[in-house]
Amino acid sequence: PTEIYTLSLHDALPIERKRAEEELRWKTAFLEAQVDSALDGILVVDNQGKKILQNQRMNELWKIPPPIAGNKDDAAQIQFISNQTKNPKPFADKVASLYSHPDEVSRDEVELIDGTALERYSSPVRDKAGKHYGRIWTFRDITERKRLEEQFRQSQKMDAIGQMGGGGGEEGRKKKGG
């Protein structure tokens with residue numbers, strides 16, 4: 001004899017919920033792996049100033065000690081980070097301004113006391129329907145790029161000085177008959 005099994009809606013809901021929970025776990029694991037492998041420091045904060053996600057690179061760039069990194073309240077971390085910048089008050093003021101203007105997007109550069117240069121980018125976190133959930137911050141170490149740009153500027157200045165004096169470079173040697 002053939003047995004017939006029927007699933008009622010009551011039986012199907014737990015199966016569907018379990019599938020949705022598994023998909024959510026997979027997406028969360030994927031997102032966390034992506035964030036943790038990023039070369040930028042990443043911080044995501046909710047509307048109440050609570051840290052939702054912070055990668056290890058963020059901790060490394062800012063040399064954040066574990067007790068501060070592990071604290072969900074972002075206020076202590078803002079204070080710690082601000083004190084590492086060459087201009088702590090403008091840094092903290094910009095953070096406060098962005099928190100009070102949740103729709104703003106910002107990109108600027110931050111210089112640290114130790115000579116490190118960071119690019120700071122921040123934008124709102126929204127879903128597809130436009131609901132606001134918080135703010136994402138990314139920090140990229142641009143110290144080497146800034147150093148190379150400065151070397152290039154110095155090189156350009158030296159070339160200009162050499163050309164103005166008529167004694168430098170290929171042109172100077174030709175004028176002198178050399």
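Note on segment 76-127: among residues that are in a loop (DSSP other than H, G, I, E, B) and hydrophobic (A, V, I, L, M, F, W, C), the one that is least open to solvent (accessible area, probe 1.4 Å) is VAL105.
With GLU3, GLU21 as the choices, which residue is modelled with pLDDT of 85 or more and out of contact with any Leu (no Cβ under 9 Å at 6 or more places or on another chain)? The match here is GLU21.
Looking at this structure, is GLU144 open to solvent by 80 Å² or more (accessible area, probe 1.4 Å) and either in a helix (DSSP H, G or I) or within 24 Å of THR28 (Cβ to Cβ) (or both)? Yes; evaluated as a whole, the condition is true for this residue. Pairs are defined by a Cβ separation below 8 Å, a sequence spacing of at least 6 or placement on different chains, a first member in segment 94-119 that is over 12 Å from ARG135 (Cα atoms), and a second member that is in a helix (DSSP H, G or I) and among the aliphatic types (A, V, I, L, M); the pairs so defined are THR116/LEU61; LEU118/LEU61. Pairs linking a residue in segment 24-52 that is on the phi > 0 side of the Ramachandran plot to a residue that is open to solvent by less than 90 Å² (accessible area, probe 1.4 Å), with Cβ atoms under 9 Å and 6 or more positions apart or on different chains, are GLY49/ASP73; GLY49/ASP74; GLY49/ALA75; GLY49/ILE78; GLY49/TYR99; GLY49/GLY134.
The values are calculated or read from the model by the stated rules, or taken from the named source; none is laboratory data. Everything numeric here is computed off the predicted structure, so don't read it as measured data. Every residue, glycine among them, receives a Cβ derived from its backbone with ideal geometry; neighbour counts consider all protein chains shown. Note: areas computed on protein heavy atoms with side chains; ligands, DNA, RNA excluded. Shrake-Rupley method; radii C 1.70, N 1.55, O 1.52, S 1.80 Å.
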